[in-house]
Amino acid sequence: MHKRVLVLGAGFGGLELTTILSETFGCDIDVTLVDKADSFVFGFSKLDVMFGRQLPSDVRHAYADIVKPGVKFVQAAVHAIDPEGMRVGTDEGTFEADVLVVALGADYDVAATPGLAEGGNEFYSIAGAFALRDILPHFEGGPVIVGVTGKSFKCPPAPSETALLLHDYLTTRGRREATEISVVMPFGTPIPPSPDTSKAVLAAFAERGIRFVKDNLVTSIDPARKVAVLTDGTEMPFALFLGIPVHRVPQVVIDSGLSAHAHDWVAVNKQTLETRFPGVYAVGDVNGVGTPKAGVFAEGAARVVAEAIIAQVRGDAAPAAYTGQGSCYLEFGNNQVGRVDVDFLSGPKPTGAFHEPSEALVADKKHFGASRLQRWFGK
Ligand SMILES: Cc1cc2nc3c(=O)[nH]c(=O)nc-3n(C[C@H](O)[C@H](O)[C@H](O)COP(=O)(O)OP(=O)(O)OC[C@H]3O[C@@H](n4cnc5c(N)ncnc54)[C@H](O)[C@@H]3O)c2cc1C
């Protein structure tokens with residue numbers, strides 16, 4: 001009988017893992033990939049849709065297009081995970097596994113920030129970002145806050161990118177002079193592991209008159225007075241609030257015993273990504289390995305787990321340890337993209353090498369997306 005690998009979540013982590021297993025074993029493995037959604041959307045595509053650079057229909061990649069030997073995609077919501085019994089309950093039935101990979105990402109808890117749902121616009125969910133595509137064209141001016149509401153959030157460069165892209169968007173519409181843009185972040189610099197990237201982002205902000213409010217979170221919003229309240233008690237007025245909602249561990253993961261509470265990201269062995277349950281791995285945003293929550297890190301973690309499964313099947317030695325490396329592209333506005341190559345785990349402290357914004361990196365980023373679509377969906 002072939003090894004049964006059950007992968008929960010078809011995001012960056014789940015898609016990369018199943019692709020490697022199919023490439024390696026073809027039909028000689030039994031991989032089931034489960035996701036409640038019918039399509040995949042890159043995180044960065046949310047910004048493209050929000051700012052009118054792409055249509056919603058262009059950025060949805062249907063899971064039905066996945067045709068890979070050895071891999072079966074099941075569209076179903078996971079409602080119970082038994083990591084001891086290696087069993088998973090879904091609304092399409094129960095699945096059993098020899099290896100279980102939890103790659104369910106991070107959920108959003110909009111209600112954790114009082115007033116956000118009523119008075120702000122979160123842009124991290126697909127629905128939130130796509131809705132802004134129709135809201136932004138009607139925005140005429142006043143203060144805009146791009147505000148982070150929780151300490152652990154996906155793609156730490158995204159709030160800065162959003163401010164820079166918003167600057168361009170409003171400039172094109174002739175509304176930039178009627179607007180002030182501020183970014184509220186819980187860090188002292190925009191990209192803490194990379195001082196050079198932070199310096200470049202802060203220089204781009206200064207050039208464009210974007211204010212960086214450091215070491216603060218937005219803790220609540222008063223929709224009636226249109227003010228955001230920060231951790232230090234400061235009140236900031238806004239006409240438009242673009243929010244990064246509080247991130248949390250999906251409830252089904254907590255119920256499984258893999259995590260103790262909403263902010264207890266699944267503990268894993270930092271070298272292998274295995275949880276305390278043998279044969280159960282946690283990959284990507286859902287884990288607490290210590291890397292930022294970003295697709296490139298989910299992908300890197302998936303590669304390590306795939307290599308471990310390959311080694312188990314072949315009876316080979318365990319693969320090299322996970323190093324927490326990844327390259328993040330950063331939209332600087334003005335049709336330029338920069339890049340930061342981050343290394344989180346291999347040295348004594350995280351490092352980030354910066355590559356100056358350029359048009360060449362715009363092409364690199366396009367290739368990054370296109371190459372994943374080719375690998376994962378055969379497009
Ligand atoms: C605005 C924005 C910009 C970003 N830009 C970048 C970028 O430029 N580069 C980068 O590397 N990262 C970027 N990211 C971050 C990136 O999108 C995530 O870090 C990445 O998708 C994490 O991958 P994952 O596999 O861990 O989880 P996800 O990709 O989130 O996948 C999790 C999957 O699990 C499914 N799921 C969840 N719960 C259930 C359930 N109960 N039952 C069934 N299925 C379920 C979901 O439908 C989802 O498909 C960005 C994010 C945002 C919001």
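The values are calculated or read from the model by the stated rules, or taken from the named source; none is laboratory data. What you see is a predicted model; the values in this text were computed from it and never measured. Don't worry about glycine lacking a Cβ; one is built from the backbone with ideal geometry, like all the others, and counts go over all protein chains shown. The area values use the complete protein model at the heavy-atom level, side chains included, leaving out ligands, DNA and RNA. Shrake-Rupley method; radii C 1.70, N 1.55, O 1.52, S 1.80 Å.
Considering each residue of the range 146-181, count those that are part of a strand (DSSP E or B), within 16 Å of the ligand (Cβ to nearest atom) and open to solvent by less than 30 Å² (accessible area, probe 1.4 Å), and give that number. The qualifying residues number 3.
The strands (runs of 3 or more DSSP E) found wholly in the range 182-260 and carrying at least 3 residues that are touching a residue at least 24 places away in the same chain (Cβ under 8 Å) and surrounded by fewer than 23 Cβ atoms within 10 Å (Cβ to Cβ) occupy 210-213, 218-222.
Against the numbered list (1) touching a helix residue (DSSP H, G or I) at 6+ places or on another chain (Cβ under 7 Å); (2) farther than 18 Å from G284 by Cα, V253 comes up short only at (2). One residue alone among F212, F187 is farther than 19 Å from A294 by Cα and not β-branched (V, I, T), and that residue is F212.
Just one residue in the set A282, A294 is touching a residue at least 40 places away in the same chain (Cβ under 8 Å) and in contact with a Cys (Cβ under 6 Å, 6 or more places away or on another chain); that residue is A294. Restricting D285, D215, D222 to residues that are within 16 Å of the ligand (Cβ to nearest atom) and either out of contact with any Phe, Trp or Tyr (no Cβ under 6 Å at 6 or more places or on another chain) or farther than 19 Å from V144 by Cα (or both) narrows the list to D285. In the range 43-51, the count of residues that are among the hydrophobic types (A, V, I, L, M, F, W, C), within 14 Å of the ligand (Cβ to nearest atom) and in contact with a His (Cβ under 6 Å, 6 or more places away or on another chain) is zero. The residues of the range 55-101 that are modelled with pLDDT of 95 or more, acidic (D, E) and within 23 Å of T24 (Cα to Cα), listed by number, are E96, D98.
Of the candidates V148, V99, V88, the single residue that is in contact with a Gly (Cβ under 6 Å, 6 or more places away or on another chain) and farther than 19 Å from F40 by Cβ is V99.
Report yes if E299 is in a helix (DSSP H, G or I), touching a helix residue (DSSP H, G or I) at 6+ places or on another chain (Cβ under 8 Å) and within 10 Å of the ligand (Cβ to nearest atom), otherwise no. Yes, satisfied. Of the helices (runs of 4 or more DSSP H) entirely within the range 1-117, those holding at least 1 residues that are surrounded by 16 or more Cβ atoms within 10 Å (Cβ to Cβ) and touching a strand residue (DSSP E or B) at 6+ places or on another chain (Cβ under 8 Å) occupy 12-25, 43-50. Take the residues in the range 101-133 that are within 10 Å of the ligand (Cβ to nearest atom) and among the aromatic types (F, W, Y); name whichever of them is nearest to F12 (Cα to Cα). If we take residues in the range 101-133 being within 10 Å of the ligand (Cβ to nearest atom) and among the aromatic types (F, W, Y), then Y124 is nearest to F12 (Cα to Cα).
When the criteria are applied in full, F139 meets the requirement of being in contact with a strand residue (DSSP E or B) (Cβ under 7 Å, 6 or more places away or on another chain), open to solvent by 10 Å² or more (accessible area, probe 1.4 Å) and not polar (S, T, N, Q). The residues of the range 118-127 that are open to solvent by less than 30 Å² (accessible area, probe 1.4 Å) and either without any contact (Cβ under 8 Å) to a residue 12 or more places away in the chain or assigned to a loop (DSSP other than H, G, I, E, B) (or both), listed by number, are G120, F123, Y124, S125.
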